[in-house]
Amino acid sequence: MMHWLNMGGYWPFVWPSYLITLFALALNIYLARRSLAAAKSEARRRAQTQRSET
Amino acid sequence: MTAPTPTAVSPGRAGWLLVLRDLRLGLRRPGEWLQPLVFFLVVTTLFPLATDPQMSRLRDMAPGALWVAALLSSLLALELLFREDGQDGSLEQLAVSGLPLSWLLLAKTCVHWLLTGLPLVLAAPIVATALGAPYAAIPGVLAALLLGSVTLSLIGAVGAGLTLGLRRGGVLLALLVLPLAVPVLIFGARATALAIALEPMAAPMYLLGAIAVLSATLAPLAAAAAVRISLE
Amino acid sequence: MNWIWFHRLGSPPHFFRIAGKMVPWFAWLAGIAAVTGLVGGLGLAPPDYQQGEGYRIIFVHVPAAVLSTLAYAVMASAAGVGLIWRMNVAHAVAASCAAVGAWFTLVALATGSLWGRPMWGTYWEWDPRLTSELVLLFLYLGYMGLRGAIDDTARADRASAVLALVGVINLPIIHYSVDWWNSLHQGHTLLKFGKASMPPSMLVPLLLMMLAFTLYFAAILLVRARGEVLRRERNARWISEAIGERP
């Protein structure tokens, strides 16, 4: 296990690469979901004000 | 298909009239089109001050200094390209005139280059000499800058059309145009470096020429589309 | 050739519904491909005879780099479709590409420089691929900057579409010129992976990771595009049904 984590001495380069990638992918999931949720709540608010006007 | 125009003017004649009008307007305000030239001179003066004033060192740096300065001053000039005409509505008149807008914009871009690009090319021999280029290199430096500055104006016209009328257009314009100008910068600086080293510079000049031709055909079309969108 | 599916995708309610159904599929398949690819790449694949274990960065670097270009291609095609057929949904898709694509570009740059440190001895080499990747990042930033500077959505859509198309014509020229520029300054770099020279034990995990990244991109793209469609179609009646708001 330690041998594998060591990556033949290249661990300071291999693991940060994977961490950066993982971070960016996770961040994009979060950003995309937040953007959709914001659009939904805005649409909902709009629908409500429209209904109260009519 | 084309909208009927009150006075039928052929596109060729319209382009020529537009060239004359823009030239006349531009020449009335020398302060405006001289600014890029002064900027070019100031920036190229700063390079030796910021580094080593030894002629041999300067000579290595001259192509880079010349081209970065030329790129920045052409960027500075771009804001003048459509601003006035966009504000007073004459650009709108051109768009609804029924004449091909891309052609008219090409005419405008040519005048813009004549007023802001050409002075810079003409000043280049002095700057290049000051940066240590030998006299025999001057024709090559001139040729490369001539082709390159035309291309920069053409590419810039697209960016100017896209940012027309935007409040914070200046920095955005730079961000849009600079990546697109990378090939011109590379081939232009390389051609200039070869000219200063008194070596044959045909290869980068051909490539620079190819980009110039491509820009001259496609950039006006894109600029026309951009201007139409911005005017909506 | 039946084009009805294409026209139906152009209708916002239909797109919103279909995209919502497709997202979990893409997401799960991306997860499965990523797990198998990682097991293969980090566990089963043998070390490279030149670079030892250090080459394993390839399994995130190359997919990110490929996707950064693919995202731009998708963005430009969608922008072109939106511009020509005035399709709102296509504009929504194009607008959704930029941010994800820029992140892929950033990841490709970061992992590339981490790979460069042990192999070239420096974090940043003016390697042609890294340099054109950097220019690509600037193109993405310009696209997003233009979009952010224009308040009117319709105008932002069309203006940024023109920019995306100009960029897509320019990308090969930029790539070629950077290649040409670099070949004058330095010899071939150490890192050369020909597909033919790669054993299947390395190639299969790499392809799996590329598949995983592509599916991930598709899922993110659809989630974002759904949001963009909602923003563009604010007052339509279908919205209140689509978001589960019963009148």
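If you go through segment A:43-52 one residue at a time, how many are facing chain C (nearest Cβ under 7 Å) and either β-branched (Val, Ile, Thr) or under 11 Å from C:Ile243 (Cα atoms) (or both)?
Adding up the residues that qualify gives 3.
Can you tell me which condition B:Leu162 does not meet? The list is (1) buried (at least 24 other Cβ atoms within 10 Å of the Cβ); (2) under 21 Å from B:Ala70 (Cα atoms); (3) touching a residue at least 24 places away in the same chain (Cβ under 8 Å); (4) within 10 Å of another protein chain (Cβ to nearest Cβ), and all the others hold.
(2)
So that you can scan it fast, the table gives a plain yes or no per residue for (1) open to solvent by 80 Å² or more (accessible area, probe 1.4 Å); (2) over 28 Å from the mean Cα position of the chain (by Cα):
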residue: A:His3; (1), (2): yes, yes
residue: A:Gly9; (1), (2): no, yes
residue: A:Leu19; (1), (2): yes, no
residue: A:Ala26; (1), (2): no, no
residue: A:Ala43; (1), (2): no, no
residue: A:Arg51; (1), (2): yes, yes
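Can you find a residue in segment C:45-53 that is within 12 Å of chain A (Cβ to nearest Cβ), in a helix (DSSP H, G or I) and without any contact (Cβ under 8 Å) to a residue 12 or more places away in the chain?
There is at least one residue in segment C:45-53 that is within 12 Å of chain A (Cβ to nearest Cβ), in a helix (DSSP H, G or I) and without any contact (Cβ under 8 Å) to a residue 12 or more places away in the chain.
In segment C:108-149, what count of residues is obtained for those that are touching a His at 6+ places or on another chain (Cβ under 8 Å) and in a helix (DSSP H, G or I)? Reasoning before the result, please.
Here is the first cut: in segment C:108-149, the ones touching a His at 6+ places or on another chain (Cβ under 8 Å) are C:108, C:111-112, C:115, C:126, C:128, C:132.
If we keep only those that are in a helix (DSSP H, G or I) too, we end up with C:108, C:111-112, C:115, C:128, C:132.
Final tally of qualifying residues: 6.
Give just the number: which of (1) assigned to a helix (DSSP H, G or I); (2) among the charged types (D, E, K, R); (3) free of Cβ contacts under 8 Å to residues at least 40 places away in the same chain does B:Asp22 not satisfy?
So B:Asp22 meets the others, but not (3).
How many residues, within segment C:1-27, are under 23 Å from C:Thr214 (Cβ atoms), of a type in the set (Phe, Trp, Tyr) and without any contact (Cβ under 8 Å) to a residue 24 or more places away in the chain?
3
Give all pairs with beta carbons closer than 9 Å in which a residue from segment C:142-155 that is more than 7 Å from chain B (Cβ to nearest Cβ) meets a residue that is open to solvent by 50 Å² or more (accessible area, probe 1.4 Å); count only pairs at least 6 apart in sequence or on separate chains.
The qualifying pairs are C:Asp152/B:Glu232; C:Thr153/C:Arg231; C:Ala154/B:Glu232; C:Ala154/C:Asn88.
So for segment B:29-46 (the condition being under 28 Å from B:Leu180 (Cβ atoms), of a type in the set (A, V, I, L, M, F, W, C), more than 18 Å from the chain's Cα centre (by Cα) and open to solvent by less than 30 Å² (accessible area, probe 1.4 Å)), does at least one residue qualify?
Looking through segment B:29-46, none of the residues is under 28 Å from B:Leu180 (Cβ atoms), of a type in the set (A, V, I, L, M, F, W, C), more than 18 Å from the chain's Cα centre (by Cα) and open to solvent by less than 30 Å² (accessible area, probe 1.4 Å).
The values are calculated or read from the model by the stated rules, or taken from the named source; none is laboratory data. Predicted model, so just to flag it, every value in this text is computed and none were measured. With ideal geometry, Cβ positions are generated from the backbone for all residues, glycine too; neighbour counts draw on all protein chains shown. The protein model used for the area step is the full one, side chains on, heavy atoms only, and it has no ligands, DNA or RNA in it. Shrake-Rupley method; radii C 1.70, N 1.55, O 1.52, S 1.80 Å.
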